[in-house]
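Visitor: First the structure, which I've put down as structure tokens, then a few questions once you've had a look.
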Amino acid sequence: GRPQYLREAISSTQINVRGDFTYPIIIDDSADPMHQQWLDESYPHFKIIHHETRRGLGGAVRSAWENVLLTDAEYLLHVEEDFRFDAKVDIRDLIKILHCEVHLAQLLIKRAPWGWEIPRPWMECGGIENYCDCSCPSGNWVQSERLFSFNPCVIPRQAIERATMQCTENMLEQHVTDILKANGYSFVCYGTIADEPLCTHIGDVRSANY
């Protein structure tokens, strides 16, 4: 586990993200009893799923999404532990778009460039192929066909169901991309190309045995 990042991620979410949240879940893939205890004591209002052995990124994603499907939630705000929200985001605005545009598998929340990336709009929106501004009566998004991303995003339940039921491999981004593309879904970023980023990747140190 990386508590130094998780604290900032949860704090910034509580400050800057608005929405009708009903089932807060943390997936703990540390397999570390001390970290498990720290999570239980620090975040008692979350349902915390502890893995007794490490499952890796794909296993953690599957665990999270399968637990979401045990609820009646129609949308998931998916956030990894090493992202910080820097500006106000109302998840209900993203849900309005997803409700209107049922072919969208996710609405990414635009992040700042990280590491080696050049600060260009298409990098921040998830891909350089076929990106363009799009809109519907409910809002704006940037179209990109490159990849389903595990960066902060909102995902409709139907896309989660398709991915978890049809993925027979480790649930990594490329596998999820291939499945959802085959089901006719697109991957887009909330807002417009000209918009400022809303979140930042802060995880410059990997967890042990990543």
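The values are calculated or read from the model by the stated rules, or taken from the named source; none is laboratory data. The model shown is predicted, which means the values in this text are computed figures rather than measured ones. Cβ coordinates were reconstructed from backbone atoms using ideal geometry, including for glycine residues, and neighbour counts include every protein chain displayed. These accessible areas exclude ligands, DNA and RNA; they are computed on the full protein's heavy atoms, side chains included. Shrake-Rupley method; radii C 1.70, N 1.55, O 1.52, S 1.80 Å.
Visitor: With Cβ to Cβ distances under 12 Å as the rule, what net charge do the other residues near Pro3 carry (K, R +1; D, E -1)?
Guide: -4
Visitor: Taking the Cβ of Asp72 as the center, what net charge do the other residues with Cβ under 15 Å away carry, scoring Lys and Arg +1 and Asp and Glu -1?
Guide: Counting the neighbours of Asp72, the net charge comes to -2.
Visitor: Could I ask something else about it? Under a crude label model (7 Å from the Cα following the beta-carbon direction), how far is Gln158 from Ile49 in nanometres?
Guide: It works out to 2.3 nm between the two label points.
Visitor: Report, in deg cm²/dmol and to the nearest 500, the calculated mean residue ellipticity at 222 nm for the chain, where each DSSP H run with n ≥ 4 adds -39500 (n - 2.57) and the sum is divided by the residue count.
Guide: Per the formula, -10000 deg cm²/dmol.
Visitor: OK, next. Could you tell me whether segment 26-65 comes out rounded, prolate or oblate from its Cα gyration tensor? Rule is a ≥ b ≥ c as square roots of the eigenvalues, rounded for a/c under 1.5, then prolate if a/b exceeds b/c, otherwise oblate.
Guide: oblate
Visitor: Also, quick follow-up: Could you sort 64-71, 33-40, 155-162 so that the peptide with the highest average Cβ count within 10 Å comes first and the rest follow in order?
Guide: Packing proxy ranking, top to bottom: 155-162, 64-71, 33-40.
Visitor: What distance in nm lies between label points placed 7 Å from Cα along the C-beta direction at Leu70 and Ile15?
Guide: About 3.3 nm separates the two model spin labels.
Visitor: Which whole-number value in Å² is the accessible area per residue of the chain, probe 1.4 Å?
Guide: Per-residue value: 51 Å².
Visitor: Still on this structure, I have one more. Determine, from the Cβ-Cβ distance of Gln174 and Cys100 and an R0 of 25 Å, the FRET efficiency 1/(1 + (r/R0)^6), rounded to the nearest 0.05.
Guide: The value I calculate is 0.35.
Visitor: Enumerate the calculated ³J(HN,Hα) couplings along segment 148-159 in order (Karplus 6.51 cos²θ - 1.76 cosθ + 1.60, θ = phi - 60°), each rounded to whole Hz, writing x wherever the residue is Gly or Pro.
Guide: The phi angles translate into 6, 10, 8, 4, x, 6, 10, 10, x, 4, 4, 5 Hz.
Visitor: As a test of reading the structure, rank Ser42, Ser12 by solvent-accessible area (1.4 Å probe, protein chains only), most first.
Guide: Ser42, Ser12
Visitor: Additional query: Within the set of other residues whose C-beta is less than 12 Å from the C-beta of Arg54, count the net charge using Lys and Arg as +1 and Asp and Glu as -1.
Guide: Once positives and negatives cancel, what remains is -3.
Visitor: Next question. Share of the chain's accessible area from carbon and sulfur, percent, 1.4 Å?
Guide: 52
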